[in-house]
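The values are calculated or read from the model by the stated rules, or taken from the named source; none is laboratory data. All figures in this text were calculated on a predicted structure; none of them were measured in a lab. Don't worry about glycine lacking a Cβ; one is built from the backbone with ideal geometry, like all the others, and counts go over all protein chains shown. SASA here: full protein model, heavy atoms, side chains in, ligands and nucleic acids out. Shrake-Rupley method; radii C 1.70, N 1.55, O 1.52, S 1.80 Å.
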Amino acid sequence: MNLIDTPNIEDPDDFLAEFLAAHRGLTEAQSHALNAQLLLILANHIGDPAVLRAALALARQR
């Protein structure tokens with residue numbers, strides 16, 4: 001399973017700005033909860049356990 005690990009977002013700077021804006025004004029706990037919810041939503045969207053395991057392994061390496 002090869003994950004796309006090169007830039008693959010049309011405008012990554014805009015996405016990062018939106019991501020940071022979503023965290024603005026949150027407590028640290030709320031920010032962690034937002035990240036967890038986003039992770040679960042995206043994992044559900046992907047759905048493939050092999051892809052999710054590969055993503056976890058890649059994230060641990062970085």
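Things to note:
- Volume of the Cα convex hull of the chain, divided per residue and given in Å³: 107
- Å² per residue, accessible surface of the chain at 1.4 Å: 89
- With each label modelled as a point 7 angstrom along the Cα→C-beta vector, the ARG53-ASN8 pair spans 1.9 nm.
- Kyte-Doolittle at least 0.0, axis length at least 24 Å by Cα - qualifying DSSP helices, the chain: 28-46
- Fraction of accessible area attributable to carbon and sulfur, the chain (%, probe 1.4 Å): 59
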